[in-house]
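First the structure, in the form of structure tokens, and then the observations on it.
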Amino acid sequence: MDEENKENELNEVEDESLSNIIILNDENGNEVKFEFLDLIEYESEEYVVLLPAVEEGEEDDGEVVILKVDDSDEGKDEESYVSVDDENTLTAVFEIFKEKFKEEFNFTDGE
């Protein structure tokens, strides 16, 4: 019985690590939870694709957030991310993401 409990505990820990939840601070200093979906390299830059975490009772709109990895803080323990203003870059990164995950997600046009 003890062995079975240990196995269940390990599975719970593994499940938690698979959730890939990260917490970022918005421009007002509020913590916002995201699920990390992927890291995409585009034109020698790295971009993270995040899905806003949905709290119980909230509706998921399915829109992802794409942020550029800010490597100006190299050597620090924490990564920094900056918003991407260039629509062409956002579109290109999202297209790469869609191609990589076309079997896992059902992508629809935002209309």
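Between Glu45 and Thr108, what's the calculated FRET efficiency when r is the beta-carbon distance and R0 is 35 Å? Round to 0.05.
Numbers: r = 27 Å, r/R0 = 0.77.
The formula returns an efficiency of 0.80 here.
Note on Glu87 and Leu24: the model spin-label points, each 7 Å out from Cα along the C-beta direction, lie 2.1 nm apart.
With the simple model of a label 7 Å out from the Cα in the direction of the Cβ, Val54 to Lys100 spans 2.3 nm.
No lab work stands behind these numbers, since they all come straight from the coordinates. Just so we're clear, the structure is a prediction, and the values are computed from it rather than from any experiment. Positions of Cβ are backbone-derived with ideal geometry, glycine not excepted, and every protein chain shown enters the neighbour counts.
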